[in-house]
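A.B. asks: Quick one: the structure is below, questions incoming.
The values are calculated or read from the model by the stated rules, or taken from the named source; none is laboratory data. Small disclaimer: the values here were computed from a predicted structure and weren't measured. Cβ: placed from backbone, ideal geometry, glycine included. Neighbour counts: every protein chain shown.
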């Protein structure tokens, strides 16, 4: 079995102003030498300040999205190179809220992921089914198609993380059964290995969707779950710290 270092990733979404950096200071104080990797993805307005704060620590900082182009007339967008310039090392691509709110397609997610790789960023590529797709028995077909369409040929274990986030579980308090999580993660691992070989075996698979300290340990015990992409629970140092502690013991 390929050894993969666990990753606790936090997506702050459209939350946080300067005062929220106090939570990062608390996290840094409590987790100076963690037994897993830690990533925080704040809104674009905080990337530079958070990166400065976390410099030299065990916490990496990432963006929540990037444009596929390196520069140009794209008002309101941020390029991968700009994120690097701000101090980011990672970027989330293809989050369901981007796919839903902005109509992003697999091809667009793939282009953004390629741009991230080209700039030297690690891409956290998100996939996941809606409740209607789950109830229609289409989960594996949907996730497989998104995985195939969203990952570029240059994806490696070093530059790509895959996050499975069932859309119906994000921020709702609903969590798939452990058997359902294992079914999807086992399927994704098989698909990654079939396409990328040893690199696919080494890519980290995160689970996301209403992960909190109270359910983290049982989720992390599931085969092929290499960590979590956490939303609301990553905004508070105590909550995210509880998830990190559970991952360190997994």
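A.B. asks: Residue 246 - would you say it is outside any loop (DSSP other than H, G, I, E, B) and in contact with a helix residue (DSSP H, G or I) (Cβ under 6 Å, 6 or more places away or on another chain)?
C.D. replies: yes
A.B. asks: Moving to a separate point now. Does residue 81 meet the test of being more than 24 Å from residue 239 (Cα to Cα) and in contact with a strand residue (DSSP E or B) (Cβ under 9 Å, 6 or more places away or on another chain)?
C.D. replies: No, not satisfied.
A.B. asks: From the list 20, 29, which residue is touching a residue at least 60 places away in the same chain (Cβ under 8 Å) and closer than 23 Å to residue 212 by Cβ?
C.D. replies: Residue meeting the stated conditions: 20.
A.B. asks: All but one of (1) part of a loop (DSSP other than H, G, I, E, B); (2) surrounded by fewer than 14 Cβ atoms within 10 Å (Cβ to Cβ); (3) in contact (Cβ under 8 Å) with a residue 24 or more places away in the chain hold for residue 145; state the number of the condition that does not hold.
C.D. replies: The single condition residue 145 does not satisfy is (1).
A.B. asks: Which number in (1) touching a helix residue (DSSP H, G or I) at 6+ places or on another chain (Cβ under 8 Å); (2) assigned to a helix (DSSP H, G or I) marks the one condition that residue 176 misses?
C.D. replies: The single condition residue 176 does not satisfy is (2).
A.B. asks: Count, please, the residues in segment 54-77 that happen to be surrounded by 19 or more Cβ atoms within 10 Å (Cβ to Cβ) and within 20 Å of residue 9 (Cβ to Cβ).
C.D. replies: Of the residues in segment 54-77, 9 are surrounded by 19 or more Cβ atoms within 10 Å (Cβ to Cβ) and within 20 Å of residue 9 (Cβ to Cβ).
A.B. asks: Looking at 94, 87, which one is surrounded by 20 or more Cβ atoms within 10 Å (Cβ to Cβ), touching a residue at least 24 places away in the same chain (Cβ under 8 Å) and under 19 Å from the mean Cα position of the chain (by Cα)?
C.D. replies: Of 94, 87, the one residue that is surrounded by 20 or more Cβ atoms within 10 Å (Cβ to Cβ), touching a residue at least 24 places away in the same chain (Cβ under 8 Å) and under 19 Å from the mean Cα position of the chain (by Cα) is 94.
A.B. asks: With the requirement that a residue be more than 19 Å from residue 138 (Cβ to Cβ), within 19 Å of the chain's Cα centre (by Cα), free of Cβ contacts under 8 Å to residues at least 40 places away in the same chain and surrounded by fewer than 20 Cβ atoms within 10 Å (Cβ to Cβ), what does segment 173-215 give you?
C.D. replies: Hits for segment 173-215 are 173, 189, 212, 213.
A.B. asks: Residue check: is residue 130 touching a helix residue (DSSP H, G or I) at 6+ places or on another chain (Cβ under 7 Å), surrounded by 15 or more Cβ atoms within 10 Å (Cβ to Cβ) and either touching a residue at least 60 places away in the same chain (Cβ under 8 Å) or under 21 Å from residue 195 (Cα atoms) (or both)?
C.D. replies: So residue 130 fails the test.
A.B. asks: From the residues in segment 126-142 that are more than 17 Å from the chain's Cα centre (by Cα) and in a loop (DSSP other than H, G, I, E, B), which one is farthest from residue 164 (Cα to Cα)?
C.D. replies: The selected residue is 136.
A.B. asks: Across segment 223-244, what is the total count of residues that are surrounded by fewer than 21 Cβ atoms within 10 Å (Cβ to Cβ) and under 30 Å from residue 153 (Cα atoms)?
C.D. replies: Number satisfying all stated conditions: 2.
A.B. asks: Which members of segment 1-20 meet the condition of being part of a helix (DSSP H, G or I) and buried (at least 18 other Cβ atoms within 10 Å of the Cβ)?
C.D. replies: If the condition is that a residue be part of a helix (DSSP H, G or I) and buried (at least 18 other Cβ atoms within 10 Å of the Cβ), then no residue fits.
A.B. asks: Look at segment 191-210 and say how many of its residues are modelled with pLDDT of 95 or more, touching a helix residue (DSSP H, G or I) at 6+ places or on another chain (Cβ under 7 Å) and not in a helix (DSSP H, G or I).
C.D. replies: 3
A.B. asks: Regarding segment 221-228, can at least one residue be identified that is farther than 22 Å from residue 36 by Cα, touching a strand residue (DSSP E or B) at 6+ places or on another chain (Cβ under 9 Å) and not in a loop (DSSP other than H, G, I, E, B)?
C.D. replies: no
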